[in-house]
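Following: one structure in structure tokens, then a few remarks.
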């Protein structure tokens with residue numbers, strides 16, 4: 001965007017700036033709405049705004065609003081690439097001082113946010129399972145976005161122990177000891193025979209799948225298709241076992257429905273323990289059985305335990321499930337005055353015009 005593409009009242013723009021020779025140039029005009037409070041207690045960035053009109057747009061579409069710091073950059077430099085963002089070195093969203101601004105991509109802006117400790121994840125003191133992020137209990141892992149993310153060492157060890165236990169149990173399974181038999185059945189046996197040999201009857205009445213499980217704990221089964229010859233890649237198709245079990249012993253799954261477990265055991269493939277239903281019914285069933293991820297959290301993100309006295313429940317939402325909040329964190333947020341509230345009080349006392 002170039003300076004020749006927009007028109008505005010330059011004198012009014014500079015009149016809304018409170019200049020500090022040794023600090024930021026505070027914008028005293030209209031600013032973005034803070035929006036709803038975030039989970040970490042903060043609000044979205046409240047950049048200054050100023051009304052402009054675009055010379056290359058006809059009619060009613062010519063009116064628009066630009067961020068004040070972005071408009072200041074255009075005034076000082078003549079143009080700005082629409083793919084880049086105007087970032088702050090002072091971390092003050094109301095500042096429009098030219099030497100406090102620099103151009104960068106969204107990735108550069110987020111990297112600057114992480115390095116200065118302003119990211120929302122930095123405010124968390126405990127992991128979702130209630131373990132504190134101490135120096136000994138924290139390690140850094142490179143994420144997909146290229147940033148280093150904190151991880152709980154205790155939770156990592158717990159996952160490793162669970163994986164090692166499952167791997168040891170799989171090695172002790174009689175199916176592993178009869179590997180040659182299973183190999184022959186894999187080539188000559190039908191799907192139902194192979195299915196029954198790979199299940200184990202437990203005391204609870206479940207048919208537990210003892211071979212391959214995916215990351216979510218559901219069994220996987222290579223279904224043989226006799227239409228294709230041996231050696232063809234299309235001869236075997238991997239499917240979830242509980243879905244194949246329902247279709248093979250009960251009937252087809254109607255379109256738009258899923259197969260649910262009545263026993264709450266993902267590794268179970270017994271047809272009597274399976275039922276079709278909607279995704280909403282499945283989530284409600286998980287909520288009633290206390291199996292949802294957020295239900296298992298014992299502490300809030302700031303380390304306060306979810307006791308009966310420290311928990312507030314919202315009204316049930318569209319799904320019919322109430323949300324819980326930490327009473328201690330909510331009281332702390334209500335006691336402190338946020339920056340945008342302090343600025344609004346300043347405008348009320350000073351009588352300045354906040355309109356464009």
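The values are calculated or read from the model by the stated rules, or taken from the named source; none is laboratory data. These figures come from a predicted structure and were not determined experimentally. With ideal geometry, Cβ positions are generated from the backbone for all residues, glycine too; neighbour counts draw on all protein chains shown.
Please specify each residue of the range 216-235 satisfying the condition of being over 34 Å from the mean Cα position of the chain (by Cα) and exposed (fewer than 14 other Cβ atoms within 10 Å of the Cβ).
Of everything in the range 216-235, those that are over 34 Å from the mean Cα position of the chain (by Cα) and exposed (fewer than 14 other Cβ atoms within 10 Å of the Cβ) turn out to be 225, 226, 227, 228, 229, 230, 231, 232, 233, 234.
For the range 308-318, name all the residues that are surrounded by 10 or more Cβ atoms within 10 Å (Cβ to Cβ) and part of a loop (DSSP other than H, G, I, E, B).
310, 314, 316
For the range 193-212, give me the residue count where each residue is surrounded by 15 or more Cβ atoms within 10 Å (Cβ to Cβ), assigned to a loop (DSSP other than H, G, I, E, B) and modelled with pLDDT under 85.
1
To keep it simple, each residue is scored yes or no on (1) free of Cβ contacts under 8 Å to residues at least 60 places away in the same chain; (2) over 30 Å from residue 126 (Cβ atoms); (3) in a loop (DSSP other than H, G, I, E, B).
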| position | (1), (2), (3) |
| --- | --- |
| 222 | yes, yes, no |
| 227 | yes, yes, yes |
| 264 | yes, no, yes |
| 276 | yes, yes, no |
| 282 | yes, no, no |
| 292 | yes, no, yes |
| 303 | no, no, yes |
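Within the range 288-303, restricting attention to residues that are surrounded by 15 or more Cβ atoms within 10 Å (Cβ to Cβ) and in contact with a helix residue (DSSP H, G or I) (Cβ under 7 Å, 6 or more places away or on another chain), which residue is nearest to residue 198 (Cα to Cα)?
300
What is the one condition in (1) modelled with pLDDT under 85; (2) over 20 Å from residue 110 (Cβ atoms); (3) under 34 Å from the mean Cα position of the chain (by Cα) that residue 61 does not satisfy?
The failed condition is (3).
Could you check, for the range 256-273, whether at least one of its residues is touching a strand residue (DSSP E or B) at 6+ places or on another chain (Cβ under 7 Å) and farther than 28 Å from residue 291 by Cα?
Looking for residues that are touching a strand residue (DSSP E or B) at 6+ places or on another chain (Cβ under 7 Å) and farther than 28 Å from residue 291 by Cα, one finds none in the range 256-273, hence no.
Looking at the range 134-192, which of the residues that are at pLDDT below 75 and within 28 Å of the chain's Cα centre (by Cα) is surrounded by the fewest Cβ atoms within 10 Å (Cβ to Cβ)?
If we take residues in the range 134-192 being at pLDDT below 75 and within 28 Å of the chain's Cα centre (by Cα), then 144 is surrounded by the fewest Cβ atoms within 10 Å (Cβ to Cβ).
Among (1) modelled with pLDDT under 90; (2) surrounded by fewer than 16 Cβ atoms within 10 Å (Cβ to Cβ), there is one condition residue 31 misses while meeting the rest; what is its number?
(2)
Just to be sure, is residue 126 within 30 Å of the chain's Cα centre (by Cα), within 30 Å of residue 292 (Cα to Cα) and surrounded by 14 or more Cβ atoms within 10 Å (Cβ to Cβ)?
yes
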